[in-house]
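Report on the following structure.
The values are calculated or read from the model by the stated rules, or taken from the named source; none is laboratory data. Note that this is a predicted model, so its numbers are computed, not measured. Here Cβ is always computed from backbone atoms with ideal geometry, including for glycine, and neighbour counts include all displayed protein chains. The accessibility values were calculated without ligands, DNA or RNA, using every heavy atom of the protein model including side chains. Shrake-Rupley method; radii C 1.70, N 1.55, O 1.52, S 1.80 Å.
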Amino acid sequence: MNSPQRKTESTADNRYLSATHEVINQPRPLENYNLYEQDTALREAVLREGAGFANDDLSQFGAWAGQADTIDLGNQANANKPSFRTHDRYGHRVDEVTFHPAYHELMRVALENGLHSSPWTNPGKGAHVARAAKYYLHSQVEAAHCCPITMTFAAIPSIQNQPDLAKLWAPKILANEYDSRNVPDTDKTSVTIGMAMTEKQGGSDVRANTTVAYPTGQEGPGQPYELVGHKWFVSAPMCDAFLVLAQTTSGLSCFLMPRWRPDGTKNPWQVQQLKNKMGNVANASSEVEIRGALAWMVGEEGRGVRTIIEMVAMTRFDCMIGSAAGMRQAVAQASHHCHNRSAFGATLSDQPLMQNVLADLIIENEAALAYTMRVARAMDNQNNEHERLLARLATPVGKYWICKRTPNHAYEAMECIGGSGVMEDCIMPRLFRESPVNAIWEGSGNVQCLDTLRALQKEPETLDAFFKEAAEARGTDRRFDQFLAQLQHDFADISDFQYRARNLVDRMALTMQGSLLLRFGDKNVADAFCASRLQSSGGMNYGNLPSGTNPAAIIKRGTPVVG
Ligand SMILES: Cc1cc2nc3c(=O)[nH]c(=O)nc-3n(C[C@H](O)[C@H](O)[C@H](O)COP(=O)(O)OP(=O)(O)OC[C@H]3O[C@@H](n4cnc5c(N)ncnc54)[C@H](O)[C@@H]3O)c2cc1C
């Protein structure tokens, strides 16, 4: 017997029952727009910092980065985590990580666009700035795979400490090609490079490392050694070679260790397992044991930290770009959503309280971007003493501050979208899970503060350069002048710097951001920055812009327009 329900469903009235509602007041996805053209702050920074020549290229890249298909590459690479196998089916050790094709496609685009190479192959005015801008666009599509791109880019200054090795490796590192095959580097025309410093017992304190390097013959820079030990974190383990820290009788030294030996056999560098990460999942990170792997010493024996720190400084800079980019993607999503969603009778982005939150998020992003691009210009001008000193101090300060500001920024942007922002079918959870990583790796927050102190102690002129640069804005805003004067006063005595370091470094970052925004930024953004960051009213969360600021203008500037 048919139930009454079934009988009803089979009638012509069915269409009334199934058509439960019309979907309205839901924004369309933020896609098919030009990430570069729709980012006023980025375009201004590119011109200001000397990379106007890259404008057309960035515009083309921005169009690619905003396409729905491109955005989907990021989704696919994260929805399909890399997998790992130690051996092949015949029992041979392979240490092979398999990635989704979307990951490989993103790697290909990054490498073919020279995100790992351009400032080294075409140095000069605006080279780092142009690369930073493109990296900023690229990592908004997918941030995790940028890890091996960054490490490959950053390896060059360290490897150049050993000219014979650099001659051999640099051409392949700098080639704008992607070759993902697990074969000896001698069979490849392009390679990627990773870094392996961190061990279980030491972590940030690499002096506690126990991995030992034994000379196979002659000792010293450029000579081959066999390494025995372990590494607790090694990202992108499919890289073709790694810069590794290991102990010799003269202390911690830096080595270049390829995956394969020159005779075509596998170097005994064995991946134990992949890390089970909360974020950065498209990229593999691993635990490794090193069982006599052949490696060549890079730079002076016993000065391994000094050698690898040049790589680390570059990766710290990329952490700034990556975190600023994460903020941009978060505010683009939040402002797009609020522009296209109404509640209680008005568009969200027109409602005063939401305006305060959105504008505050945009300001944070613009400040992070302005700071990052200024450091990029300093990197382009390392022959100038002021720029060299500035980059030395502004890198740990910025790495600390910008990366640390990002997780709460991602969360707050997610909240602007409401419940849908928590769902895995949008980018917000990925941005949120990605956000703490930059703050922790490449030297976590306290370590950056301690590095700031180290720079001040070793080269006190770095502080003079920092304040000289910041003071360029003196006289343009009373709040800034007072903030700067107080900070300079508090630096008169740095005897208990370690204890006060976070407070001082926070304020250094705010001073530099304020200075840059006042001199070069949008008037409304700079005013709201000074009002909310330099003249505290006590509020701690986003959405604390005081009355008198112009959130509507800030939101208009920061909201991408989709055609
Ligand atoms: C996803 C991911 C990928 C990674 N990939 C790599 C990689 O490819 N290669 C690599 O070498 N490493 C890698 N790392 C390791 C990373 O660089 C370390 O986790 C980081 O340097 C911190 O070391 P640790 O985890 O041992 O923490 P610890 O060194 O134990 O530090 C713990 C806390 O103590 C703080 N601290 C340390 N010393 C002091 C001090 N003197 N005063 C005050 N506070 C202090 C730190 O800031 C931190 O907050 C990766 C980490 C992550 C999360």
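Quick look at the numbers
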| item | result |
| --- | --- |
| Criterion: away from the ligand (no atom under 11 Å from the Cβ) and open to solvent by 60 Å² or more (accessible area, probe 1.4 Å) - qualifying residue of THR186, THR192 | THR186 |
| Candidate set from the range 46-63 (those that are open to solvent by less than 40 Å² (accessible area, probe 1.4 Å) and of a type outside the set (Gly, Ala, Ser)); member that is farthest from GLY114 (Cα to Cα) | GLU49 |
| Exclusive hit being of a type in the set (A, V, I, L, M, F, W, C), away from the ligand (no atom under 16 Å from the Cβ) and without any contact (Cβ under 8 Å) to a residue 24 or more places away in the chain, set MET423, MET428 | MET423 |
| Enumeration of residues in the range 183-200 that are part of a loop (DSSP other than H, G, I, E, B), touching a Phe, Trp or Tyr at 6+ places or on another chain (Cβ under 9 Å) and not basic (Lys, Arg) | VAL183, PRO184, SER190, VAL191, THR192, MET197, THR198, GLU199 |
| Residue under evaluation MET512, criteria (1) more than 16 Å from the ligand (Cβ to nearest atom); (2) farther than 30 Å from HIS337 by Cβ; (3) outside any helix (DSSP H, G or I); (4) of a type outside the set (Gly, Ala, Ser), criterion not met | (3) |
| Members of the range 205-260 found to be free of Cβ contacts under 8 Å to residues at least 24 places away in the same chain and within 14 Å of the ligand (Cβ to nearest atom), listed by number | ASP205, ALA208 |
| Filter result for ARG261 (surrounded by fewer than 22 Cβ atoms within 10 Å (Cβ to Cβ) and closer than 30 Å to ARG388 by Cβ) | no |
| Pairs where the first residue, in the range 273-294, is more than 21 Å from LEU256 (Cβ to Cβ) and in a strand (DSSP E or B) and the second is within 12 Å of the ligand (Cβ to nearest atom) and acidic (Asp, Glu), C-beta under 6 Å, 6+ apart | GLN273/GLU287 |
| Enumeration of residues in the range 64-74 that are open to solvent by 40 Å² or more (accessible area, probe 1.4 Å), free of Cβ contacts under 8 Å to residues at least 40 places away in the same chain and assigned to a helix (DSSP H, G or I) | ASP69, ASP72 |
| Search result, residues across the range 359-413 that are over 29 Å from GLY543 (Cβ atoms) and either among the basic types (Lys, Arg) or assigned to a loop (DSSP other than H, G, I, E, B) (or both) | ARG377, ASN381, GLN382, ASN383, ASN384, ARG388, ARG392 |
| Members of the range 431-481 that are outside any helix (DSSP H, G or I) and either within 16 Å of the ligand (Cβ to nearest atom) or crowded, with 17+ Cβ neighbours inside 10 Å (or both) | TRP441, GLU442, GLY443, SER444, ASP477 |
| Single residue of MET354, MET373 found to be modelled with pLDDT of 95 or more and within 23 Å of ARG43 (Cα to Cα) | MET373 |
| Within the range 331-347, considering residues that are without any contact (Cβ under 8 Å) to a residue 24 or more places away in the chain and outside any loop (DSSP other than H, G, I, E, B), the one nearest to LEU30 (Cα to Cα) | THR347 |
| Any chance ASN78 is farther than 30 Å from ASP522 by Cα, without any contact (Cβ under 8 Å) to a residue 12 or more places away in the chain and polar (S, T, N, Q) | no |
| Of residues in the range 357-378 being farther than 9 Å from VAL525 by Cα and of a type in the set (Val, Ile, Thr), the one surrounded by the most Cβ atoms within 10 Å (Cβ to Cβ) | THR372 |
| Residues being of a type in the set (Val, Ile, Thr) and open to solvent by less than 30 Å² (accessible area, probe 1.4 Å) - total across the range 25-45 | 0 |
| Total residues in the range 201-239, condition open to solvent by less than 60 Å² (accessible area, probe 1.4 Å), closer than 18 Å to ASP164 by Cβ and assigned to a loop (DSSP other than H, G, I, E, B) | 4 |
| Close pairs (6 angstrom Cβ cut-off, 6 or more residues apart or separate chains): farther than 16 Å from ALA394 by Cα in the range 436-453, more than 6 Å from the ligand (Cβ to nearest atom) anywhere | PRO436/PRO407; VAL437/GLY279; ASN438/CYS319; ASN438/GLY322; ASN438/SER323; ASN438/CYS403 |
| Single match in ASN280, ASN276 (criterion: modelled with pLDDT of 95 or more, within 14 Å of the ligand (Cβ to nearest atom) and either buried (at least 23 other Cβ atoms within 10 Å of the Cβ) or not assigned by the TED database to the domain that holds SER180 (or both)) | ASN280 |
| Hits in the range 77-99 (condition: surrounded by 17 or more Cβ atoms within 10 Å (Cβ to Cβ) and touching a helix residue (DSSP H, G or I) at 6+ places or on another chain (Cβ under 9 Å)) | ALA77, ASN78, PRO82, PHE99 |
| Candidates LEU484, LEU450, filtered to the one that is under 23 Å from the mean Cα position of the chain (by Cα), closer than 20 Å to VAL375 by Cα and not small (Gly, Ala, Ser) | LEU450 |
| Of all residues in the range 482-501 being assigned to a helix (DSSP H, G or I) and within 16 Å of the ligand (Cβ to nearest atom), the one that is most open to solvent (accessible area, probe 1.4 Å) | TYR499 |
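Residues checked against (1) in a helix (DSSP H, G or I); (2) in contact with a Lys or Arg (Cβ under 8 Å, 6 or more places away or on another chain):
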| position | (1), (2) |
| --- | --- |
| ASP527 | yes, no |
| ALA531 | yes, yes |
| SER537 | no, no |
| ASN541 | no, no |
| GLY563 | no, no |
